[in-house]
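The values are calculated or read from the model by the stated rules, or taken from the named source; none is laboratory data. No experiment lies behind these values; they were computed from the predicted model shown. With ideal geometry, Cβ positions are generated from the backbone for all residues, glycine too; neighbour counts draw on all protein chains shown.
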Amino acid sequence: MASLTDIITSKVRVKILDLFYSNLTEMYHVRGIVREIGEEINAVRRELERFEKVGILKKEPRGNRVYYFVRTDYSGFGDLLSIVSKSTGLGKTICDSRAKLGKVSYVMFSGKFARLKPRKDDSVDVLVVGEIVLPELAAIIRTFESKLGREINYTVMTKEELDYRKKRRDPFLQSIFLGSRIMIIGDEEELTN
């Protein structure tokens, strides 16, 4: 599985992106970032300035501290979120456990789940398609539920069931496809068409 370190050579830059895109709603000050990622303060400052200059992060002074946070209006926001979702947390665990999970065709996170926003009612956080070893997937999901402190609503179906539901224009499946999504495994075009 490819990760940010495969395309970005600065380990400080990768750690900062991981930190911010894994915690989209958080604001961090420089020393807090240094503590979180365990890197030198000057290297962190240099990367924060670079990220702010290109528009990935925004800074806001509060008292005697300057806080940084993710700019969701950055043109590459969705792309960075997708990469970080695949290379950290639940996405990474699913990708790393793919062989144990069975024959996985697609894994999709809802946009709200990837952005750590509360979901509406019974909407799906994670869609998994393929011949899945359910106890293995359930164990992975339970682990991340305890880390997040909330339930992860996931749906598993076979490729045949997916195709059947798509042909019938199943309302449940349509509601999943109408929302924003992050593909963890598989091609979005193949999944939705």
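For the condition touching a Gly at 6+ places or on another chain (Cβ under 7 Å) and surrounded by fewer than 14 Cβ atoms within 10 Å (Cβ to Cβ), Glu131 qualifies. When the criteria are applied in full, Glu189 fails the requirement of being farther than 20 Å from Ser82 by Cβ and in a helix (DSSP H, G or I). For the range 92-109, does any single residue satisfy the condition of being outside the structural domain of Met183 (by TED's automatic domain parsing), within 14 Å of the chain's Cα centre (by Cα) and within 21 Å of Arg150 (Cβ to Cβ)? No, the conditions are met nowhere in the range 92-109.
Comparison of Val84, Val54 shows that the only residue that is within 30 Å of Ile185 (Cβ to Cβ), among the hydrophobic types (A, V, I, L, M, F, W, C) and crowded, with 16+ Cβ neighbours inside 10 Å is Val84. Can you confirm whether the range 90-100 contains a residue that is within 30 Å of Val133 (Cβ to Cβ), out of contact with any Lys or Arg (no Cβ under 7 Å at 6 or more places or on another chain) and among the hydroxyl-bearing types (Ser, Thr, Tyr)? Yes, some residue in the range 90-100 is within 30 Å of Val133 (Cβ to Cβ), out of contact with any Lys or Arg (no Cβ under 7 Å at 6 or more places or on another chain) and among the hydroxyl-bearing types (Ser, Thr, Tyr).
Does Lys147 meet the test of being loosely packed, with under 14 Cβ neighbours inside 10 Å and at pLDDT 90 or above? So Lys147 fails the test. The residue that is farthest from Ile56 (Cα to Cα), among those in the range 76-99 that are among the hydroxyl-bearing types (Ser, Thr, Tyr) and out of contact with any Gly (no Cβ under 7 Å at 6 or more places or on another chain), is Ser97.
Would you confirm, using the coordinates I've provided, whether Val104 is surrounded by 15 or more Cβ atoms within 10 Å (Cβ to Cβ), touching a Gly at 6+ places or on another chain (Cβ under 6 Å) and hydrophobic (A, V, I, L, M, F, W, C)? Yes: the conditions hold for Val104.
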